[in-house]
Amino acid sequence: MVNIATRLPDGLEGSMTAGTTVQKFGQYGTDRTLPAYQIGGKIGDRFGPLALFASIDHVTSDGQPLTYVTAATQPAGTTGGYADVNRTNMPIRVLGASGFEHQRQDRIKLKAALDITPGVRLTYVGALFLNRTDSTAESYISNAGGKTYTSAFSSGVYHADQRHWSHSLSASGSGNRFDWQVIGTLYDFDRDVQRIPAGTLPAAQNGGPGTITRLDGTGWKTIDAKGMWRSDGDATHIISFGAHADWFAIDSNRFATTDWIDGGQGALNLQSEGKTRTAAFWVQDAWKLLPAVTLTLGGRYEWWKAYDGVNFSLSPSIPIVRQPLLSAARFSPKASLAWNPDADWTVRFSFGQAYRFPTAGELYQIVTTPVAAVPNPNLKPENALSEELAVERHDEHGSIRLSFFNESIRDALISQTGPLPVVPALVGTFVQNVDRTRARGVEFTFQRADILPRVDLSGSVTYADATTRRDAALPAAVGKLQPSVPHWKASLVAIWRPTDQIALTAAGRHAGRMYGSLDNTDVIGNTFQGFAGYTVIDMRASFRVTSRWSIGLGLDNVGNEKYFLFHPFPQRSFSADATYMF
């Protein structure tokens, strides 16, 4: 969990923003202009010890296809389509595209903070997320009657309606020697419904039988408490300690319906339910052995449990299965030794052991569309041993960091894509334990202000050799790259401010060739369901027109890089926005 703190207003302030993005997407037989529009505002004020902040944001967008419909051969009696190869280099026919999502999303946020005393603050953050998605398909093939569709198109056509709530309540305090915080969070899928046709297009566009999938009741709760005590004015010892608890629940049920557009739900035909919970205690001591040397020792003890798992399927026929209860208790130690040769430089060696426990979704959730996923109710926790040697410099112009890392994981929880054991054959995602993996490499990051007059530069470059070291279930994976982890990744951001009112930004990101499967048999990356490398450059110009008005212009994916990370990713797009502040 990441706890992010946002600034609170000291007086009345606010802003309104409106923007648009237009993507030009062209691939195979699809040639579309895809717009998106955003409008939002925020306002805040302070009333003595009480600070209030509220924001609202609306986005309407059209996206590129999530999937392409492919077949090994051309359907009989049809023309059109495109010849290509799939990710295993087998010939395919691309028959069309689906998952063209038209989304209307609203986000509303309220934050209130009350300073009970000068050192104690109570904070509440609430948010509402609303989403309505309508997805359509496009066929590239025709017969004598016009455009035609196979049954595979239907899974990319759906309506989704979501209403999610989140709440966070925290209390924090600070003093000369002791700081503390208690925070609780809740995220609730109050309404989450997806409707999908069962019939063949185009007739199914007007209604007919289908399914309704509901995730109402899915969500999670967390609570954390932590404290930090400084032994003296020189902070010879800084002792931190805390406790954590979380509860996650997946509640996914699919029902038959006589009318997938607005019909009522009928018999249950697919069920995925289950829960997990974790409790943990942790403590660490940062001990200043010498003025320039700090030793940090710590540990975390966790109790984890997965329970109430239930799965059922009408087709293929799987009777109700009560999944086994899983539990584990693990201790994770950590240590680091830091040396500060002067005020700017730090050399740090760190070691840690950590466990990751399977999520409720990985254990129990069956997903059928737009991309299939199957769970594994027998997953084990992964056990990671990590070491890092880092050299850092911080000064008035920013920071630089060079680190060497090594991580060895037993029973690694690896998410990959590959053929699923279903009929008809599908490529989907699934998680499995891998006996042993290892990742080692080097990373360089930097952030420098005024590296040249009025020029800021930041970026990173990482080399990682992340491979499978042992896998009894799939020996062919040994020595192969882990899924979705390339050898090379890099990013670079340059900002030039020719005047105080203008900022010109160029940003680039690069990733080398990746794979989706453990054995790296997906040898073709630049095709649907493949994982290609990419180099993408974005540019933006920001102008402060007056003390209250600012505008921005942007061009994303300047070179119109066409690449896949399983799904096709956005192509070149233009953006513009205007903001009024008061």
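Readers should treat all values here as calculations from the given coordinates under stated rules, not as data from a laboratory. Here the structure is a predicted model, which is why all the values come from computation and not from measurement. Positions of Cβ are generated from backbone atoms using ideal geometry, with glycine treated the same way; all protein chains shown enter the neighbour counts.
Descriptive notes on the structure:
- In terms of other Cβ atoms within 10 Å, 307, 355 run from fewest to most in the order 307, 355.
- Over the chain, Cα pairs under 8 Å with separation of 6+ residues give a relative contact order of 9 percent.
- Set against the labelled values (i) 1.01; (ii) 0.96; (iii) 1.07, Cα Rg over 2.2 N^0.38 Å computed from this structure falls on (iii).
- The trypsin sites (Lys or Arg not before Pro) of the range 141-196 that DSSP puts in a loop, and whose beta carbon has at most 13 other beta carbons within 10 Å, are 177.
- Exposure proxy for 396, 407, 388: other Cβ atoms within 10 Å of each Cβ, ordered fewest to most, give 396, 388, 407.
- Between residue 487 and residue 122, residue separation times 0.36 nm minus the direct Cα-Cα distance comes to 126.8 nm.
- The residues 133, 437, 148, when put in order of fewest to most other Cβ atoms within 10 Å, stand as 133, 148, 437.
- Rounded to 0.05, the FRET efficiency of the residue 509 and residue 449 pair, given R0 = 22 Å and the Cβ-Cβ distance, is 0.60.
- The dipole here belongs to the chain: it is taken about the Cα centre, uses +1 on the Cβ of Lys and Arg and -1 on the Cβ of Asp and Glu, and is about 380 debye.
- Only DSSP H runs of four or more residues enter the estimate; each adds -39500 (n - 2.57), and after division by the residues of the chain the mean residue ellipticity at 222 nm equals 0 deg cm²/dmol.
- Cross-link table 489/562; 24/109; 334/489; 221/275; 275/380; 334/480, entries beyond 22 Å C-alpha to C-alpha: 24/109; 334/489; 334/480
- Label zone at residue 569, where the point sits 7 Å out along the Cα-to-Cβ direction: the range 487-527 residues whose backbone N lies under 15 Å: 487-492, 507-516, 525-527
- Relative contact order for the range 190-330: 19 percent, from Cα pairs under 8 Å spaced at least 6 residues apart, divided by residue count.
- Length gained when the stretch residue 103-residue 151 is fully extended (0.36 nm per residue, less Cα-Cα span): 14.9 nm
- Kirkwood's formula applied to the C-alpha pairs of the range 150-238 gives a hydrodynamic radius of 17.4 angstrom.
- Label-to-label distance, nm, for residues given as residue 308 and residue 50 (7 Å Cα→Cβ offset): 3.7 nm
- Each Lys and Arg contributes +1 and each Asp and Glu -1, all at the Cβ; summed about the Cα centre of the range 526-582, the dipole is approximately 160 debye.
- Positive contributions from Lys and Arg (+1) and negative ones from Asp and Glu (-1), summed over other residues with Cβ under 10 Å from the Cβ of residue 213, come out at +2.
- Its relative contact order, with pairs defined as Cα atoms under 8 Å and 6+ residues apart, puts the range 61-193 at 22 percent.
- Calculated from backbone phi, Karplus (6.51, -1.76, 1.60) coupling profile of the range 248-261 in Hz, x at Gly/Pro: 10, 9, 10, 9, 10, 9, 10, 10, 6, 8, 7, 9, 5, 7
- Extension gain, residue 193 back to residue 231 (0.36 nm per residue minus Cα-Cα distance, nm): 8.3 nm
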